[in-house]
1. Given (1) farther than 25 Å from T437 by Cβ; (2) out of contact with any Phe, Trp or Tyr (no Cβ under 7 Å at 6 or more places or on another chain); (3) among the basic types (K, R); (4) modelled with pLDDT of 95 or more, identify the lone condition not met by R325.
2. Do the conditions hold for D44, that is, is it within 30 Å of L333 (Cα to Cα), within 16 Å of ligand 2 (Cβ to nearest atom) and at pLDDT below 95?
3. In region 468-484, what residues are in a helix (DSSP H, G or I) and either farther than 17 Å from A406 by Cα or among the hydrophobic types (A, V, I, L, M, F, W, C) (or both)?
4. Can G186 be described as of a type in the set (G, A, S), away from ligand 2 (no atom under 16 Å from the Cβ), in contact with a helix residue (DSSP H, G or I) (Cβ under 9 Å, 6 or more places away or on another chain) and modelled with pLDDT of 95 or more?
5. If the requirement is being assigned to a helix (DSSP H, G or I) and acidic (D, E), which of these qualifies: D428, D501, D465?
6. Show the residue pairs meeting these rules: Cβ distance below 7 Å; 6+ apart or different chains; first residue within region 85-97 and farther than 18 Å from L16 by Cβ; second residue modelled with pLDDT of 95 or more and within 14 Å of ligand 2 (Cβ to nearest atom).
7. Keeping to region 58-107, report how many residues are at positive phi and within 11 Å of ligand 1 (Cβ to nearest atom).
8. With region 260-371 as the region, which strands (runs of 3 or more DSSP E) entirely inside it contain at least 1 residues that are in contact with a Pro (Cβ under 7 Å, 6 or more places away or on another chain) and more than 26 Å from F393 (Cα to Cα)?
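The values are calculated or read from the model by the stated rules, or taken from the named source; none is laboratory data. Here the structure is a predicted model, which is why all the values come from computation and not from measurement. With ideal geometry, Cβ positions are generated from the backbone for all residues, glycine too; neighbour counts draw on all protein chains shown.
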Amino acid sequence: ETRKETLGFQTEVKQLLQLMIHSLYSNKEIFLRELISNASDAADKLRFEAISKPELLEGDAEPRVRVSFDADAKTVTIDDNGIGMSREEVIAHLGTIAKSGTADFLNALSGDQRKDSQLIGQFGVGFYSAFIVADRVEVFTRRAGAPAAEGVHWSSAGEGEFDIETVEKPGRGTRVVLHLKEDDVGFADGWRLREIVKKYSDHIGVPIQMPKQHHGEDKDAPAEPEWETVNRANALWTRSRNEVSEDEYKAFYKHVSHDFGDPLTWSHNKVEGKLEYTSLLYVPGRAPFDLYHREAARGLKLYVQRVFIMDQAEQFLPLYLRFLRGVVDSNDLSLNVSREILQKDPVISSMKSALTKRVLDMLDKLATGEPEKYAEFWKQFGQVLKEGPAEDFANRERIAGLLRFASTHSGGEAQDVSLADYVGRMKDGQTKVYYLTGESPAQVRNSPHLEVFRKKGIEVLLLTDRIDEWLMGYLTEFDGKSFVDVARGDLDLGAFDTDTDKQAQEEVAKSKQGLVERLKAALGDDVADVRVSHRLTESPAVLALGEQDIGLQLRQILEASGQ
Ligand code: ADP
Ligand code: MG
């Protein structure tokens, strides 16, 4: 059937298109990166499906992406022999179903164009970036395995709707034809396109071919062009570290993460021995807008012996490292591996603990080698790392070493003190790490609980993030020193008292015995105990929590939620 129909874009897709066309004009050339990225994904998917159904290859087993242009017709064409799309897939993927998270993304927009164009980069622009340079886009596609008569022609001006029609398409795969806007006809140029391919897509594992250039004799060029490969065409992670430049690592990051910005750092390793795999892990430069959404994309791209298996394989890293992006390529897993198998396979759990260590190493190295970058990392992802000690008990001491806190040592609100810094500054005889939790650094700094510490010159960590009290429930020790909440129970600061201090304290305690009895009688059951304390120097009294009581922060959360 050759049904021709006109369908409307989903509302979210329409909004996205408008936004993209208007906010990405300064970086137009990325359309080519996105379309080549899709073509390369399509080659990956075909190779994967062909493992169980070799007939899908239809005698054409060499994947390639072809980029060509026609300066007279003002077109640029990207043609692949990948998996292709059925009519239903075209309708769903190119117009009526917004990517998951689109609504969240649109809600996160601020209306400030500069900020929003950064956001859209994080969200991943994808196919619709074609409309940055084209005022009409056509897609011809046929799914691998479907008969030639079941090709599909999709066409749209990117405004509110698209046309779709069944057509004959002998070759499998997808051809995208861009009809360039008057301002953008400059893209129909072989040298310019080559340069863009080199810049953004050199690391793509599939050959990207372009017609051989004939200097100044375009008119005599043969009708069927001679194709030459213009990229390096082997997957970046399979190369050895010293063969890959910084820029190539950065470009590859953009390919796997859909982020416009540069990564903060990365770690590329080939592991041999009992387990064999290659991993390339990146720490993004910025936290994605959906870092705390339960359904947000996370996980690594999984390959088995260079064959793409799946995106968002979540089983290779713990949840508190969900911000990592990258690739893992295993030699031990079967090509038939599924998400269900991944959950149970013991190979995966060994890989997970090795990769986790790898990431913690990478963060350690960043913290010691490039402290300013680490400070940036902490700003973006510190809150997530704080989930670590609870989730990953085995590594809690290492994670503790990566945490940063505000403290009475530094005046500001910045979280820049490590536990190692703290321990390095401990007073003679100090065996504990002291901390105080509360609403904000400003409020905590005025707490009467700090008076005695100030007097004795002992540093106290100031924990004011929502997660902190919960975190401290899982952090019991660092470097053999236990943690003490200064708002709790009886503080034993005896070690810092001189003999005269002690004598004076005893005398005060004796002389106030009567007052204590009267207060106990007056307060009755409202308090557990009344004690003479030496922790105050200016305030007359302080409410302290018992050793086992729920902390104040948590109490407020529980009360707010009606418990
Ligand atoms: P993403 O690549 O992040 O999924 P895109 O907007 O780039 O988002 O593409 C949307 C979807 O359209 C893809 O997930 C894929 O299903 C389909 N698609 C796009 N280009 C191709 C192609 N060349 N071959 C096959 N499917 C494609
Ligand atoms: Mg894409």
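1. Failing condition for R325: (2).
2. Taking the combined requirement at face value, the residue satisfies it.
3. Residues satisfying the conditions are W470, L471, M472, G473, Y474.
4. Yes, satisfied.
5. Every option except D501 fails the conditions.
6. M85/T174
7. 3
8. Passing ranges, in order: 263-271.
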